[in-house]
């Protein structure tokens, strides 16, 4: 009788509590481990979406240039008639009248930081913004420097830089050439 009281009175509740604590701990460690993975997947998804938007803008409006070396992407929600001139945010367009925005209703951010268009010697690239911490532990702007000399295309193939499980965390903006004849009508 005494052994049944010990098993049902103390041991069973103790084992039950330990089981649930173990499940909670395993869940917490699983979440902690995968949170960086989730973050980089979100970045990769947003890079794809932004790349598609800039491809559409290039096809319709012809992107001429961007104003700065690092340009925050915070202008894709500008409405069709929401600006004058040829610049939308820091982006200069050959055919601004063909702007058909808003292209996105909310400009994407990650870790409360805007994505950016970076101008390098090898072209323009969409990247996460400065201060974003990637799953590999690197921080954009501190550990991964995106200056004029940065080879972002190469970085987007290096797992220690801007790629996560085969998904690049940066994308090149393909821009065609525009001549003055294209911009100024006869």
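The values are calculated or read from the model by the stated rules, or taken from the named source; none is laboratory data. Only a predicted model underlies this, so the values are computations on that prediction, with no experimental measurement involved. Every residue, glycine as well, gets a Cβ built from its backbone with ideal geometry; the counts of neighbours run over all protein chains shown.
Restricting the range 63-84 to residues that are touching a helix residue (DSSP H, G or I) at 6+ places or on another chain (Cβ under 7 Å) and assigned to a loop (DSSP other than H, G, I, E, B) leaves a set whose member that is nearest to residue 114 (Cα to Cα) is 73. Could you please find all residues in the range 98-136 being farther than 26 Å from residue 80 by Cβ and assigned to a loop (DSSP other than H, G, I, E, B)? Once the filter is applied, which keeps residues that are farther than 26 Å from residue 80 by Cβ and assigned to a loop (DSSP other than H, G, I, E, B), the range 98-136 yields 111, 112, 121, 122, 128, 129, 130, 131, 132, 134, 135, 136.
When 104, 162, 64 are screened for being modelled with pLDDT of 95 or more and farther than 17 Å from residue 49 by Cβ, only 64 passes.
Considering (1) in a helix (DSSP H, G or I); (2) without any contact (Cβ under 8 Å) to a residue 24 or more places away in the chain, the lone condition that residue 153 does not fulfil carries the number (2). Every condition in (1) over 16 Å from the mean Cα position of the chain (by Cα); (2) more than 18 Å from residue 90 (Cβ to Cβ); (3) touching a residue at least 60 places away in the same chain (Cβ under 8 Å); (4) surrounded by 14 or more Cβ atoms within 10 Å (Cβ to Cβ) holds for residue 167 except the one numbered (1).
To keep it simple, each residue is scored yes or no on (1) surrounded by fewer than 14 Cβ atoms within 10 Å (Cβ to Cβ); (2) at pLDDT 95 or above.
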position	(1), (2)
27	yes, no
30	yes, no
37	yes, no
54	no, yes
59	yes, yes
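When you scan the range 130-140, do you find a residue that is crowded, with 16+ Cβ neighbours inside 10 Å, free of Cβ contacts under 8 Å to residues at least 60 places away in the same chain and under 18 Å from residue 56 (Cα atoms), even just one? No, the range 130-140 contains no residue that is crowded, with 16+ Cβ neighbours inside 10 Å, free of Cβ contacts under 8 Å to residues at least 60 places away in the same chain and under 18 Å from residue 56 (Cα atoms). Of all residues in the range 145-159, those that are out of contact with any strand residue (DSSP E or B) (no Cβ under 9 Å at 6 or more places or on another chain) and either surrounded by 12 or more Cβ atoms within 10 Å (Cβ to Cβ) or at pLDDT below 95 (or both) total 2. So is residue 63 surrounded by 17 or more Cβ atoms within 10 Å (Cβ to Cβ) and closer than 16 Å to residue 161 by Cα or not? So residue 63 fails the test.
Considering (1) surrounded by fewer than 19 Cβ atoms within 10 Å (Cβ to Cβ); (2) touching a residue at least 40 places away in the same chain (Cβ under 8 Å); (3) assigned to a loop (DSSP other than H, G, I, E, B), the lone condition that residue 172 does not fulfil carries the number (3).
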